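What follows is a short report on a single structure.
The values are calculated or read from the model by the stated rules, or taken from the named source; none is laboratory data. Quantities reported herein were computed from a predicted structural model and do not represent experimental measurements. Because the Cβ atoms are built from the backbone with ideal geometry, glycine has one as well, and the counts that use them run over all protein chains shown.
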Amino acid sequence: MIFSQQFLSETMSILQKIDTKSLEAMAYGLGALRQHGRLFILGVGGSAGHASHAVNDFRKICGIEAYAPTDNVSELTARVNDEGWDTSFSEWLKVSKLSAKDALLIFSVGGGNVTHNISMNLVKSIQHAKEVGSRIYGIVGKDGGYTAQSADACVIIPPMYAERCTPHTEGLCAVLWHLLVSHPALAARITKWETISCEI
């Protein structure tokens with residue numbers, strides 16, 4: 001089997017193992033935010049890019065007030081420089097007055113790990129969210145990470161192919177958040193190309 005076939009075959013087998021009950025719980029939980037709360041989307045590395053894209057989708061398609069701390073590079077780098085990486089997101093959330101009306105959505109391969117000191121800015125953000133009573137959601141690739149252990153609803157992208165855990169997790173994260181913003185519980189507007197005849 002050539003690599004392209006192998007990768008796509010792996011992707012299809014992973015998708016078949018996704019827990020749709022967790023997706024449904026997340027969709028309805030996020031849908032409740034539209035009337036009274038805000039959504040803060042957190043990710044590091046490639047997941048930061050996902051967070052920025054998803055903010056656009058949740059705002060424009062779903063009508064949910066959404067933000068990502070990584071969209072303001074000046075504030076992010078000032079916080080990292082002056083206070084450290086670990087608190088760079090949680091301190092941003094404190095200024096935004098994260099509350100019980102709001103929710104976090106975490107995109108991450110591992111979801112944070114205290115023991116191995118990985119993605120501690122996600123860990124500290126989740127800890128702060130728990131302190132103030134915010135809902136916590138996640139799309140991650142490890143069931144043992146901090147996000148999966150702490151979230152109200154978390155979709156695990158099964159790490160079935162250990163040597164390609166990161167590309168599969170990050171690639172399918174995009175598929176799943178697009179599923180969410182298209183979900184009847186969330187979608188408030190029809191996207192542009194769906195309003196135009198397919199004959200064009």
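The single residue among GLU170, GLU163 that is of a type in the set (D, E, K, R), free of Cβ contacts under 8 Å to residues at least 40 places away in the same chain and surrounded by fewer than 24 Cβ atoms within 10 Å (Cβ to Cβ) turns out to be GLU163.
Of the residues VAL114, VAL109, which is crowded, with 22+ Cβ neighbours inside 10 Å and either among the β-branched types (Val, Ile, Thr) or touching a residue at least 40 places away in the same chain (Cβ under 8 Å) (or both)?
Details: VAL114 fails: crowded, with 22+ Cβ neighbours inside 10 Å.
Result: VAL109 is the single residue among VAL114, VAL109 that is crowded, with 22+ Cβ neighbours inside 10 Å and either among the β-branched types (Val, Ile, Thr) or touching a residue at least 40 places away in the same chain (Cβ under 8 Å) (or both).
Of all residues in segment 170-191, none satisfies the criterion of being over 18 Å from ALA153 (Cα atoms) and either modelled with pLDDT under 75 or touching a strand residue (DSSP E or B) at 6+ places or on another chain (Cβ under 7 Å) (or both). If a residue has to be loosely packed, with under 11 Cβ neighbours inside 10 Å and in a loop (DSSP other than H, G, I, E, B) to count, how many in segment 1-28 make the cut? Residues in segment 1-28 being loosely packed, with under 11 Cβ neighbours inside 10 Å and in a loop (DSSP other than H, G, I, E, B): 4 in total. The numbered conditions (1) farther than 21 Å from HIS178 by Cα; (2) among the aromatic types (Phe, Trp, Tyr); (3) in contact with a Leu (Cβ under 8 Å, 6 or more places away or on another chain) are all true for TYR161 except (3). Screening segment 33-91 for helices (runs of 4 or more DSSP H) wholly inside it with 3 or more residues that are hydrophobic (A, V, I, L, M, F, W, C) returns the ranges 46-60, 73-83.
I need the full set of residues from segment 92-117 which are outside any loop (DSSP other than H, G, I, E, B) and over 13 Å from LYS142 (Cα atoms), in order please.
TRP92, LEU93, LYS94, VAL95, ALA103, LEU104, LEU105
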